[in-house]
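Reading through the C-alpha cells given below for one structure.
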Amino acid sequence: VPSRPLRPAGGSMSVVEHVREMAAAGLHSNVRLLSGLLLTMSGNNPELFSPSQKYQLLVYHADSLFHDKEYRNAVSKYTMALQQKKALSKTSKVRPSTGSAASTPQSQCLPSEIEVKYKMAECYTMLKQDKDAIAILDGIPSRQRTPKINMMLANLYKKAGQERSSVTSYKEVLRQCPLALDAILGLLSLSVKGAEVASMTINIIQSIPNLDWLSVWIKAYAFVHTGDNTRAINTICSLEKKSLLRDNVDLLGSLADLYFRAGDNKNSILKFEQAQMLDPYLIKGMDVYGYLLAREGRLEDVENLGCRLFNISDQHAEPWVVSGCHSFYSKRYSRALYLGAKAIQLNSNSVQALLLKGAALRNMGRVQEAIIHFREAIRLAPCRLDCYEGLIECYLASNSIREAMVMANNVYKTLGANAQTLTLLATVCLEDPVTQEKAKTLLDKALTQRPDYIKAVVKKAELLSREQKYEDGIALLRNALANQSDCVLHRILGDFLVAVNEYQEAMDQYSIALSLDPNDQKSLEGLQKMEKEESPTDATQEEDVDDMEGSGEEGDLEGSDSEAAQWADQEQWFGMQ
C-alpha cells in the first residue's frame, strides 16, 4: 500500500484524520460531502486508502447520514463498514505485528465496532424493524455490552414480549449504573418485586447523602405497577411533601395519572394544571389531561392545549391525541380516527392513542377493529381499568354479554374489589335480566366504598329508573351532588324530577347541566321538551311521564355508556376515564 496518501510528509494530518476531526467537531454536513467524495476515489483506486481508513470513512459517512435521518442509507453504509472491519481483522491477524507500540495508536482511533452496531440498532428501531435491532445487539457478546446497549435491548425485549430476557438486561443496566431510574421502572413494570429492585440500589443509597428518598420512590412505583392506586398516591404524596422534592414535575405528573386511574378526575386535573404551570413545555401526560378536559365539555380549552402542544413538538403522540379528543367529543369520529392513527404511528406504546382510535372505530360501527385496539391497550397497561371498560363496551355493543361478563369478572379478580371494578361488573350485570339483583348488590357495595363515585351513582340511578323508584333516585342524586357538580348527574336528576311532576326544578337541573357542558344533547332535549309543555293537560302530562321514563332508561344507559361520567356518548374513549 503506498504510504504517501496515508500520512503526507512533514507529519501533517492525513485526509481521513481531517474527516475524523470534523466528525468529532459535529460538522456533519461537511463530513458527508467530503467522505462521499473520498469513498468514490477509493472505489476508483482501491490502493488509495488502507482497509482501516476505508472502515473509518464508511463509519463517518454513515454517521452523517444518521444525523440527516436517512436511516436506511445509514444502515447500508454501517453494514459495509462492518464488512470492511472483518477484512481488516483478518489481514491484521495474518501480518506479524511489528510491536504493540506501532499498532496501538491506529486501533485506538478506529471507531468502535460495538458503537457501530448500536447505531445500526438505532436505525432499525427508527425504521420500526425491531427484530433486526434485537438481532444485531444480540450478536454482541454479553461482556462487551455497554449500559446503553443493555438498556436498548431491555426495551426491545419488553416490547417483543420476551419478559425474562428483558428483566436480565434491565438488571445488567442497574449492575453497571445503580441509579438508572428508568431501568428500575422497567423492572417494576415486568412484575419484579419492589424489595428485590430496592436491594440492587441499597449500597448506593447508603453511601451518598440526600438519597434516602430513593427507596420510597421505588416503593411508590412498585405500587403503581401492581395497580394499588391508593397506596401509590399516598406514597408519592409523602415524597412530594418532603421539602427537597416539592414541586417535582415528574412526581406531580405521576400523581395526576394515578388520580385519573382511581377515577378522581377533579384531583387529576388539579395536579396536571400544577405540573403544567411549573413546566410550560410539559408533554408527558398531557394526552390524559386533554381527554379529561374534553370529557368535561371544555372543548375550547382542549383546542388551546392542542395548539400549544403542537408548538412544542409535533413528533410526540400527545398533541395528536389531544386534537383527536377534540374531534371525538365534537362527534367528528373519522377525524378522531385519523388523529389517533397518526399518534400511534409516532408512538406505538401510546395507550391513550389506542383508546382514542378504538373508541372512534366503535362509534363508527367497526366494533371488531375497535376490539383489537382495546386489547393492545390492555397488553400495554394491564392495571388501567379504562382499557377494560373500552373492550367491555365493545362486547356489549355487539351483544356478546357472555364475553363481557367473563372479562368483567377477570378484572374484578385481578384488580381487586374496589368501587370501579364493582361498578364495571354491575354494568355488565344490568344487561342481563337474570343478574339484576346481583347488579344492585354490587352497586350498593361500590357506593358504600365511594358514595361520590359518579359511574356507580349513574348506574344505580338507571336501576332505580327501571324500578320506577323515582323518589329514591332523587335522594341518591341529590346526595351525590352535595359535594360535586356533574353534567350527567344534573341531567338524570332532571329526568327523575319530570317523572314526579316537579317541572320547574327539572328545568333548573337541565339548565345547570347545560351550563356545565353546553354540548350535552340530552339535557338540551329535556329542556326543550319542558318549554314546549309549560301548561300540559292531564292526559299529555301522563303520557310525557311515560316518555321520560323510557328516555330515562335508555338515556342513562347511553349516558353512562357514552357520556361524561359513564362509559358512552361522552365517555366514549374510555381509558380515558
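Those residues that are open to solvent by less than 20 Å² (accessible area, probe 1.4 Å) and either touching a strand residue (DSSP E or B) at 6+ places or on another chain (Cβ under 8 Å) or part of a loop (DSSP other than H, G, I, E, B) (or both), I need them from the stretch 21-71; list them, please.
49, 50
For the stretch 125-160, name all the residues that are under 14 Å from residue 176 (Cβ atoms), among the β-branched types (Val, Ile, Thr) and under 27 Å from the mean Cα position of the chain (by Cα).
First, pick out the residues of the stretch 125-160 that are under 14 Å from residue 176 (Cβ atoms): 142-154.
When the remaining residues are screened for being among the β-branched types (Val, Ile, Thr), the result is 146, 149.
If the condition is that a residue be under 14 Å from residue 176 (Cβ atoms), among the β-branched types (Val, Ile, Thr) and under 27 Å from the mean Cα position of the chain (by Cα), then 149 is the only one that fits.
Inspect all residues belonging to the stretch 378-388 and state whether any of them is without any contact (Cβ under 8 Å) to a residue 60 or more places away in the chain, assigned to a helix (DSSP H, G or I) and over 29 Å from the mean Cα position of the chain (by Cα).
No; the residues of the stretch 378-388 include none that is without any contact (Cβ under 8 Å) to a residue 60 or more places away in the chain, assigned to a helix (DSSP H, G or I) and over 29 Å from the mean Cα position of the chain (by Cα).
Is it true that some residue in the stretch 447-461 is at pLDDT 80 or above, under 30 Å from residue 421 (Cα atoms) and either of a type in the set (Ser, Thr, Tyr) or touching a strand residue (DSSP E or B) at 6+ places or on another chain (Cβ under 6 Å) (or both)?
Taking every residue of the stretch 447-461 in turn, at least one turns out to be at pLDDT 80 or above, under 30 Å from residue 421 (Cα atoms) and either of a type in the set (Ser, Thr, Tyr) or touching a strand residue (DSSP E or B) at 6+ places or on another chain (Cβ under 6 Å) (or both).
I'd like the residue in the stretch 297-317 that is more than 23 Å from residue 519 (Cβ to Cβ) and either more than 19 Å from the chain's Cα centre (by Cα) or β-branched (Val, Ile, Thr) (or both) and, out of all such residues, is surrounded by the most Cβ atoms within 10 Å (Cβ to Cβ).
312
Which numbered condition trips up residue 287, out of (1) open to solvent by 10 Å² or more (accessible area, probe 1.4 Å); (2) over 20 Å from the mean Cα position of the chain (by Cα); (3) under 27 Å from residue 418 (Cα atoms)?
Of (1) open to solvent by 10 Å² or more (accessible area, probe 1.4 Å); (2) over 20 Å from the mean Cα position of the chain (by Cα); (3) under 27 Å from residue 418 (Cα atoms), only one is false for residue 287: (2).
Going by the structure shown, is residue 553 assigned to a helix (DSSP H, G or I), at pLDDT below 80 and more than 39 Å from the chain's Cα centre (by Cα)? It would help to see each step written out before you state the result.
Details: assigned to a helix (DSSP H, G or I): yes; at pLDDT below 80: yes; more than 39 Å from the chain's Cα centre (by Cα): no.
For residue 553, the condition - assigned to a helix (DSSP H, G or I), at pLDDT below 80 and more than 39 Å from the chain's Cα centre (by Cα) - is not met.
Specify which of the listed residues (465, 515, 523, 485) is among the hydroxyl-bearing types (Ser, Thr, Tyr), closer than 27 Å to residue 300 by Cβ, buried (at least 23 other Cβ atoms within 10 Å of the Cβ) and not assigned by the TED database to the domain that holds residue 330.
Values: 465 fails: closer than 27 Å to residue 300 by Cβ; 515 fails: buried (at least 23 other Cβ atoms within 10 Å of the Cβ); 485 fails: buried (at least 23 other Cβ atoms within 10 Å of the Cβ).
One residue alone meets the criteria, 523.
Enumerate the pairs (first residue in the stretch 404-430 and under 12 Å from residue 391 (Cα atoms); second residue anywhere and assigned to a loop (DSSP other than H, G, I, E, B) and open to solvent by 20 Å² or more (accessible area, probe 1.4 Å)) with beta-carbon separation below 8 Å, excluding pairs fewer than 6 apart on the same chain, so at least 6 apart or on different chains.
Qualifying pairs under 8 Å: 404/431; 405/432.
How do the pairs read when you match residues in the stretch 308-329 that are over 9 Å from residue 343 (Cα atoms) and assigned by the TED database to the domain that holds residue 350 with residues anywhere that are among the hydroxyl-bearing types (Ser, Thr, Tyr) and open to solvent by 10 Å² or more (accessible area, probe 1.4 Å), using Cβ under 6 Å and keeping only pairs 6 or more apart or on different chains?
Listed pairs, sorted by first residue: 312/281.
State the number of residues belonging to the stretch 23-53 that are of a type outside the set (A, V, I, L, M, F, W, C) and either at pLDDT below 90 or under 17 Å from residue 91 (Cβ atoms) (or both). Reasoning before the result, please.
Narrowing the stretch 23-53 to residues of a type outside the set (A, V, I, L, M, F, W, C): 26, 28-30, 32, 35-36, 40, 42-47, 50-53.
Next, from what is left, pick out any that are either at pLDDT below 90 or under 17 Å from residue 91 (Cβ atoms) (or both): 42, 46-47, 50-53.
Residues that pass the stated criteria total 7.
The values are calculated or read from the model by the stated rules, or taken from the named source; none is laboratory data. Quick caveat, the model's predicted, so the values are computed rather than measured. So basically every Cβ, Gly included, is an ideal-geometry build from the backbone, and we count neighbours across all protein chains shown. Remember, those area values only see protein heavy atoms, side chains included, never the ligands or the DNA or RNA. Shrake-Rupley method; radii C 1.70, N 1.55, O 1.52, S 1.80 Å.
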